[in-house]
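So the structure is just underneath, and the comments pick up after that.
The values are calculated or read from the model by the stated rules, or taken from the named source; none is laboratory data. The structure displayed is predicted, hence computed values, not measured ones. Neighbour counts run over all protein chains shown; Cβ positions are idealised from the backbone, glycine included.
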Amino acid sequence: MGRVAELAGVSVRTLHHYDEIGLVRPSARTAAGYRAYLADDVERLREVLAYRRLGFGLREIADLVDDPAADAVGHLHRLRGLLLEQRDRAAAMVTAIDRELEARAMGIRTTPEDQLKVFGAQLYEVIGSAYPATRRTESRIAERIWAALGDARTVLNVGAGTGSYEPPDRDVTAVEPSAVMRAQRPDGAAPCVAASAESLPFEDRSFDAAMAVSTVHHWPDPVAGLREMRRVARRVVVFTYDASTTGWRDRFWLTRDYLPEFADLLAGWPSLTDMTRAIGGRAEPVLVPWDCTDGFFEAHWRRPEAYLDEQVRRAVSVWTRVGPRAERRAVERLRADLASGRWAERNRDLLDLDAAELGLRLLIA
Ligand SMILES: C[S@@+](CC[C@H](N)C(=O)[O-])C[C@H]1O[C@@H](n2cnc3c(N)ncnc32)[C@H](O)[C@@H]1O
C-alpha cells in the first residue's frame, strides 16, 4: 500500500479511506498477509484519482467508476474530454485576465461585476451562456438533416449539446459527455446519457438512426465514433466539415485573410473519405444561408461585423482554440478593414450571394 501511495502521490491514509468506503479495494494478499493491489485495482485507482483531480466528489466518482457501460478506454476518453473542457476554460480565463490587464494599463477600471466574472463561477456562464443564445437550430439545415433521417422513429443524437436539431416528432435519445452542456439542456428536452461517441453504451442496431451535428471535430477519435454510430443504428446522418481539400483555406475570407491559425486545428483531422468510409455512406454539400441562425464558425460569412462581437465568438470553440493572441489580432485586423472599406472591396462578390459553399457537408449512410 505504501508503494502504491508513493507512486500515486497520495497518502496511505487516503488509500485506507478509499478501501473503507469501497471505492478502491486492494484485492490480493501478500505472503505476509498484507493487502496488495492487483493491476485492475491500480487501473481503478488511477481513474478515481483523475476524477478527483478534476474536482468530482467521492460519491460521484463511485458512480462514474462503477458505471457498467464504461470500460478503461471509455474512462480515458471521458477523462480526456473533461480535461479538454478544463483547458478551454483556463484559456478563456487567461483571455479575460489579459483583457482586464490591457484595460487597466490604459487606465480603464473594470466594473466590480466584470471582475467577478473573470475569477468566479460566472466565467463559465459567460462562455456557456453564449451557447444557447447564439447556437440554435437553423431551419433550412434542420430540414436537410431530418429529411436524411428518412422514416426513422428512434433517433440517437450524439454530441447533442443543448439539443439543437433534435427532431421534435421522433423518439430521440441524446448522448453528451459534457456535464456543463447537459446542464444547459432545456426542460422537456430528450433524455440525455452521459457518454462519448467512441464508446456508445448501446447494443448493436438499437436505433433506427443516429445523428451527429457540429460535433465530430470535437471527438478525440472521430473515425472510432462514426463506426460506433454505424454499429448502434441502421441509418447515420452527420453534419460536419470537409477539411480534406486544399481549397478550404481560400473558401472562407475569415481563415484566408485573418485567421490562418485555423490550419493548426485541422492537423490530424480525418479526410471526408475516411469519414464517409467509417459510416459506409456518401457526402452532400450544405450551403450556408447568408442569414444562418445557428451561430457556428462560418455562419456570419456575409455579416462580417458579427465576428467583432465577443458573444458570437465565445459560442464557437475555434476562437478559444487558436488562443487569445491570434484571436485579438484577427479581430483587430478585421475591425480595421471594415472601417477602411478594405473588407468590402475584397469581398464585393459575396454580397450578391444568398448562400455560400464553405465546406460544410452532410454525410448520409
Ligand atoms: C459545437 S457542440 C454541438 C452541439 C449540438 N450537436 C449542436 O449542434 O448544437 C459540440 C458538442 O460535442 C460534444 N463532444 C465533445 N467530445 C465528444 C465525444 N467524444 N463524444 C460525443 N460528444 C462530444 C461537446 O461536449 C459539445 O456538446
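Overview of values
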| item | result |
| --- | --- |
| Count - residues of the stretch 204-233 that are more than 18 Å from ARG78 (Cα to Cα) and touching a residue at least 60 places away in the same chain (Cβ under 8 Å) | 7 |
| Neighbours by Cβ (under 8 Å, 6+ apart or cross-chain): first from the stretch 15-32, charged (D, E, K, R); second in a loop (DSSP other than H, G, I, E, B) | ASP19/ARG25; ASP19/PRO26 |
| Residue in the stretch 259-273 that is within 11 Å of the ligand (Cβ to nearest atom) and either surrounded by fewer than 20 Cβ atoms within 10 Å (Cβ to Cβ) or at pLDDT 95 or above (or both) present | no |
| Failed condition for PHE296, given (1) hydrophobic (A, V, I, L, M, F, W, C); (2) within 24 Å of ASP221 (Cα to Cα); (3) touching a residue at least 12 places away in the same chain (Cβ under 8 Å); (4) away from the ligand (no atom under 16 Å from the Cβ) | (4) |
| Selection count, the stretch 232-257, where residues are part of a strand (DSSP E or B) and surrounded by fewer than 18 Cβ atoms within 10 Å (Cβ to Cβ) | 1 |
| Residue identified as within 13 Å of the ligand (Cβ to nearest atom), of a type in the set (Ser, Thr, Tyr) and at pLDDT below 95 among THR137, THR110 | THR137 |
| Qualifying residue in the stretch 213-226 (condition: over 25 Å from ALA315 (Cβ atoms) and more than 13 Å from the ligand (Cβ to nearest atom)) | no |
| Residue that is among the aromatic types (Phe, Trp, Tyr), modelled with pLDDT under 95 and surrounded by 18 or more Cβ atoms within 10 Å (Cβ to Cβ), where the choices are TRP343, TRP301, TRP319 | TRP319 |
| Residue ranges of helices (runs of 4 or more DSSP H) in the stretch 258-361 with at least 1 members touching an Asp or Glu at 6+ places or on another chain (Cβ under 9 Å) | 272-279, 310-314, 317-322, 324-340, 342-346 |
| Criterion (among the aliphatic types (A, V, I, L, M) and touching a residue at least 12 places away in the same chain (Cβ under 8 Å)) met by exactly one of LEU45, LEU76, LEU7 | LEU45 |
| Some residue of the stretch 192-207 being more than 7 Å from the ligand (Cβ to nearest atom), crowded, with 17+ Cβ neighbours inside 10 Å, modelled with pLDDT under 95 and assigned to a loop (DSSP other than H, G, I, E, B) | yes |
| Options ARG256, ARG277: the member that is basic (Lys, Arg), at pLDDT 90 or above, farther than 19 Å from ALA356 by Cβ and over 18 Å from the mean Cα position of the chain (by Cα) | ARG277 |
| Elements of type helices (runs of 4 or more DSSP H) in the stretch 1-92, at least 2 residues being of a type in the set (S, T, N, Q), modelled with pLDDT under 90 and surrounded by 13 or more Cβ atoms within 10 Å (Cβ to Cβ) | none |
| Residues of the stretch 1-48 satisfying the condition of being of a type in the set (Val, Ile, Thr) and touching a Pro at 6+ places or on another chain (Cβ under 9 Å) | VAL4 |
| Residue in the stretch 260-270 that is nearest to ALA147 (Cα to Cα), counting only those that are in contact with a helix residue (DSSP H, G or I) (Cβ under 9 Å, 6 or more places away or on another chain) and not acidic (Asp, Glu) | PRO270 |
| Whichever residue in the stretch 161-173 is near the ligand (Cβ under 9 Å from one of its atoms) and free of Cβ contacts under 8 Å to residues at least 40 places away in the same chain and, among such residues, is nearest to PHE56 (Cα to Cα) | THR162 |
| The stretch 274-293 - residue that is among the hydrophobic types (A, V, I, L, M, F, W, C) and away from the ligand (no atom under 16 Å from the Cβ) and, of those, nearest to LEU350 (Cα to Cα) | TRP290 |
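This table checks each residue for (1) closer than 23 Å to THR293 by Cβ; (2) more than 24 Å from the chain's Cα centre (by Cα); (3) polar (S, T, N, Q).
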residue	(1), (2), (3)
ARG314	yes, no, no
VAL322	no, no, no
ARG328	no, no, no
LEU334	yes, yes, no
SER340	no, yes, yes
ALA344	no, yes, no
ASP352	yes, yes, no
